[in-house]
1. For segment 209-220, check the following and say yes or no: at least one residue is in a helix (DSSP H, G or I), within 22 Å of Leu117 (Cα to Cα), outside the structural domain of Gln72 (by TED's automatic domain parsing) and in contact (Cβ under 8 Å) with a residue 12 or more places away in the chain.
2. Could you tell me which residue of segment 7-26 is surrounded by the fewest Cβ atoms within 10 Å (Cβ to Cβ), considering only residues that are more than 8 Å from the ligand (Cβ to nearest atom) and closer than 17 Å to Pro116 by Cα?
3. Looking at segment 159-174, which of its residues are within 16 Å of the ligand (Cβ to nearest atom), under 16 Å from Leu233 (Cβ atoms) and not polar (S, T, N, Q)?
4. Is it the case that Pro116 is outside the structural domain of Glu241 (by TED's automatic domain parsing), open to solvent by 40 Å² or more (accessible area, probe 1.4 Å) and not in a helix (DSSP H, G or I)?
5. Restricting the search to segment 177-206, which residues are open to solvent by less than 80 Å² (accessible area, probe 1.4 Å) and closer than 20 Å to Ser219 by Cα?
6. Please state which of the following conditions Gly4 fails to meet, knowing it meets all the rest: (1) assigned to a helix (DSSP H, G or I); (2) within 15 Å of the ligand (Cβ to nearest atom).
7. Only one residue in Val59, Val65 is part of a helix (DSSP H, G or I), more than 9 Å from the ligand (Cβ to nearest atom) and surrounded by 22 or more Cβ atoms within 10 Å (Cβ to Cβ). Which one?
8. Can you run down the residue pairs with Cβ atoms below 6 Å, 6 or more apart or on separate chains, where the first is in segment 81-109 and closer than 11 Å to Val59 by Cα and the partner is open to solvent by 30 Å² or more (accessible area, probe 1.4 Å)?
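The values are calculated or read from the model by the stated rules, or taken from the named source; none is laboratory data. It should be emphasised that the depicted structure is a prediction, and the values quoted were computed from it without experimental measurement. Note: ideal-geometry Cβ built from the backbone for every residue, glycine included; neighbour counts use all protein chains shown. What goes into the accessible areas is simple: the full protein's heavy atoms, side chains included, and nothing from ligands, DNA or RNA. Shrake-Rupley method; radii C 1.70, N 1.55, O 1.52, S 1.80 Å.
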Amino acid sequence: MTIGFIGTGEITRAVVIGMSTVEGEKPTILLSPRNEQIAAELADRFENVEIAGSNQDVVDGSETVCLALRPQDGEAITADLKFGTEHHVISFMPTYSQARLSRIVAPATRITLVTPLPAVAFHGGPTPVFPPDEDAIEMFEPLGTVVAVETEAEYQALCVATASLAGAYAYYETIADWLQGKDVPADKARAFSGAVFYALAATARNAPDMSFSELTHESATRGGTNEQVLTHLKENQVYTEFSKALDGIWDRFENAKPTSD
Ligand SMILES: NC(=O)c1ccc[n+]([C@@H]2O[C@H](COP(=O)([O-])OP(=O)(O)OC[C@H]3O[C@@H](n4cnc5c(N)ncnc54)[C@H](OP(=O)(O)O)[C@@H]3O)[C@@H](O)[C@H]2O)c1
C-alpha cells in the first residue's frame, strides 16, 4: 500500500518516522515536495519513503492520501487536486469536518479524520480517529493508542482535549520551579518532577480499569499532604478553570466552522 502526504511539515515528519520504524513491513510513503528540507531528510533516512514531483503526483501515486496542511491553506491547496472515487482521504486538519472535506475532495467519499500527536514518531502517540475506519485504525495503531469514535462531536471533543498538553507540562514545570526555589539544583528538580510525571503515567497505564477519580482518591490519603494540595487546588478553582479553558477551545472550533457545515 502507498500512503501519500500532502504537506510535509512537523506532523508528517512524526507520522512518517513512526510508520517507517515499526517492526516488520513498512508502507511505501510518497511525500509532497514541500517542505523540501523535511521531505529530503525523510527520503534520505528511510528506504520506503520517496518524494513526488508535485501534490497531484502524490494523489495519483497513492491509494491513501493524508492531508497535513495548515488549516488556513488546506482548502485552496486541496481544491486544486484531482481525486478519484478509489481514494481514501485522511485529514489531519482540525476544524475540517467530513462534510467540508467531501466537497473539497469529491468524487472521493471515503474520508477519515485523524489527529496524531508528535509522540507517534516513537510509537507513543494517542490518535483520535473518526469514523472508526478499519484501515485508518490499522495504520495508526502501531504508532501508539488509537481512540476511534462514532460521532464527529466526540472526535471534536478529543481534538479539543489535545490543547491540554502545554498546561500539563506547566504543572510539572511548577513543581520543578518550586524545588529550585528551595535550592534543589535545576537538573535534580527536572529529574524529580519528570520522574513523578512518568510514574503517574505508568501507574495509570498499568491500571486501565481504574478511573482517574479512583486514582486521585487512592493518591489522596485522608488527612495527608496530597489531600491538602488537592483540596487547595480545588478550592481555588484550578480544575474548574482548566475545564473552562477547554470550553474556550471547543467554542474556537465551533466558530472556525464554515457556516455551510
Ligand atoms: N503539529 C502537530 O502536533 C499536529 C498534530 C495533529 C494535527 N496537526 C495538524 O496537521 C496540519 C499540519 O500541521 P504541522 O504542524 O505539520 O504544520 P507545518 O509544520 O506548518 O506543516 C505544513 C506543511 O505544509 C506545507 N505546504 C505549504 N503549502 C504547501 C503546498 N502548496 N503544497 C504542499 N505543501 C505545502 C508547508 O511547507 P513550508 O514549510 O514550505 O511552508 C509545511 O511543510 C495542521 O492542520 C495541524 O493543525 C498538527
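1. Just the residues of segment 209-220 that are in a helix (DSSP H, G or I), to begin with: 212-219.
Checking which are within 22 Å of Leu117 (Cα to Cα) leaves us with 212.
So of that shortlist, the ones also outside the structural domain of Gln72 (by TED's automatic domain parsing) come out as 212.
Of the ones still in play, those that are also in contact (Cβ under 8 Å) with a residue 12 or more places away in the chain are none.
Within segment 209-220 (the criterion being in a helix (DSSP H, G or I), within 22 Å of Leu117 (Cα to Cα), outside the structural domain of Gln72 (by TED's automatic domain parsing) and in contact (Cβ under 8 Å) with a residue 12 or more places away in the chain), the answer is no, since none of the residues qualifies.
2. So in segment 7-26, the residues more than 8 Å from the ligand (Cβ to nearest atom) come out as 15-26.
With closer than 17 Å to Pro116 by Cα added as a condition, the list becomes 15-22.
Working: Val15: 27, Val16: 30, Ile17: 20, Gly18: 24, Met19: 22, Ser20: 17, Thr21: 15, Val22: 13.
By that ranking, first place goes to Val22.
3. Gly167, Ala168
4. No; evaluated as a whole, the condition is false for this residue.
5. Ser193, Gly194, Ala195, Val196, Phe197, Ala199, Ala201, Ala202, Thr203, Ala204
6. (1)
7. Details: Val65 fails: part of a helix (DSSP H, G or I).
Val59 is the lone residue from the list that is part of a helix (DSSP H, G or I), more than 9 Å from the ligand (Cβ to nearest atom) and surrounded by 22 or more Cβ atoms within 10 Å (Cβ to Cβ).
8. Leu81/Asn55; Leu81/Gln56; His88/Arg110
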